[in-house]
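**Student:** Quick one: the structure is below, and I'll ask about it shortly.
The values are calculated or read from the model by the stated rules, or taken from the named source; none is laboratory data. As the structure is a prediction and not an experimental result, all values here were calculated from the model. Cβ: placed from backbone, ideal geometry, glycine included. Neighbour counts: every protein chain shown.
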Amino acid sequence: MINIAICEDDIVFRKLIYNEMNRFLNAIGIDGQIKSYSNGQDLLQQKNIYNFDIYLFDIEIGEDDGIDMAKQIRINDNNAIFIFITNKNERVYEVFNLDTFGFVRKSNLKKELPVLMSRLKEKLSGYINKYQIKCENGNRYITLNEIYYIERVSGNIYIHTKEENITTRYRYMTELPFEIINDVMKEVYRGIVVNFNHISHINNNDIIMTNGEKVPISRRKKTKIKDDYREFMFR
């Protein structure tokens, strides 16, 4: 069950987004509940009742600010998916530090929203599909979304999640039961693969994950990783 919140003060766009999300859930066959709000205060009052998984905000919602709302929500929820749908293109860079899933321009809504929904389908599959991992203390199951980054150290493969570091029984990343390098996971340093879904921001020498961990970034790969991350945010 996926719970979705839409916060948009323009009734035309609010209905349009609602209909698109409803079609999206039906198309991928996932049960979902969609709630729509015309102001931020009503949403914030009800977020703990519905435990929303996905939020679609305008940046400016009447007197409310969608970015400020997202910051409040992020304090207690590191896993919520944020999508901004707005005509305030000049404020796009403000959303990058919020672990934002995507940004859609209202002026290009019909073209950009379906593309983002396609990527959202991939992300939600990361919540659903579980893979069996051979660990030192037995096997366990994990979804791709739980993985923050994977590293190979001294011939051992470690999987880092938000709350723990899993020591696997694998010697090589190719032994893991899922595709390592894809549109969401990239090698950022020799022997380190990062899940873009959990990047907070990228510094000169490090990638800061949403749980506060720092992951080194190769000087040789830095420009390409930054470009890939920017493309990931907008596709």
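**Student:** Looking only at segment 21-37, count every residue that is more than 19 Å from the chain's Cα centre (by Cα) and buried (at least 17 other Cβ atoms within 10 Å of the Cβ) and tell me the total.
**Tutor:** Selection size over segment 21-37: 3.
**Student:** Right, something else. Might you check whether a residue that is within 22 Å of residue 145 (Cα to Cα), among the hydroxyl-bearing types (Ser, Thr, Tyr) and either modelled with pLDDT of 90 or more or in contact with a Gly (Cβ under 8 Å, 6 or more places away or on another chain) (or both) occurs anywhere in segment 38-53?
**Tutor:** Taking every residue of segment 38-53 in turn, at least one turns out to be within 22 Å of residue 145 (Cα to Cα), among the hydroxyl-bearing types (Ser, Thr, Tyr) and either modelled with pLDDT of 90 or more or in contact with a Gly (Cβ under 8 Å, 6 or more places away or on another chain) (or both).
**Student:** State yes or no: is residue 218 among the hydroxyl-bearing types (Ser, Thr, Tyr) and modelled with pLDDT of 90 or more?
**Tutor:** yes
**Student:** Going through 71, 111, 123 one at a time, which residue ends up being farther than 16 Å from residue 55 by Cβ and either surrounded by 14 or more Cβ atoms within 10 Å (Cβ to Cβ) or at pLDDT 85 or above (or both)?
**Tutor:** 111
**Student:** What pairs come out if I take residues in segment 24-44 that are closer than 15 Å to residue 56 by Cα and pair them with residues that are of a type in the set (Gly, Ala, Ser) and modelled with pLDDT of 90 or more whose C-beta lies under 9 Å away, six or more apart or interchain?
**Tutor:** Qualifying pairs under 9 Å: 34/5; 35/5; 36/5; 37/5; 43/5.
**Student:** Do you know which residues across segment 45-60 are surrounded by 17 or more Cβ atoms within 10 Å (Cβ to Cβ) and over 14 Å from residue 84 (Cα atoms)? Quick ask: steps written out before the conclusion?
**Tutor:** Here is the first cut: in segment 45-60, the ones surrounded by 17 or more Cβ atoms within 10 Å (Cβ to Cβ) are 47, 52-59.
Within segment 45-60, 47, 52, 53 meet the criteria.
**Student:** What are the pairs with Cβ atoms under 8 angstrom where one residue, in segment 199-215, is at pLDDT 90 or above and the other, located anywhere, is of a type in the set (Asp, Glu) and not in a loop (DSSP other than H, G, I, E, B)? Sequence gap at least six, or different chains.
**Tutor:** 214/206; 215/206
**Student:** Return yes when residue 134 is at pLDDT below 85 and among the charged types (D, E, K, R) and no when it is not.
**Tutor:** no
**Student:** Same structure again: Quickly run through segment 105-135 and pick out the residues that are more than 24 Å from residue 32 (Cβ to Cβ), out of contact with any Lys or Arg (no Cβ under 7 Å at 6 or more places or on another chain) and of a type in the set (D, E, K, R).
**Tutor:** Passing the criteria: only 105.
**Student:** A further question on this structure: Residues of segment 189-203 being of a type in the set (Gly, Ala, Ser) and within 16 Å of residue 220 (Cβ to Cβ), which ones?
**Tutor:** Across segment 189-203, the qualifying residue is only 191.
**Student:** Another one. Pairs under 7 Å by beta carbon, first residue more than 22 Å from residue 29 (Cα to Cα) in segment 105-122, partner assigned to a helix (DSSP H, G or I) and modelled with pLDDT of 85 or more, six or more apart or different chains?
**Tutor:** Note: pairs meeting the criteria are 105/112; 106/13.
**Student:** Taking residue 141 as the residue in question, decide whether it is aromatic (Phe, Trp, Tyr) and either within 15 Å of the chain's Cα centre (by Cα) or modelled with pLDDT of 90 or more (or both).
**Tutor:** No: the conditions fail for residue 141.
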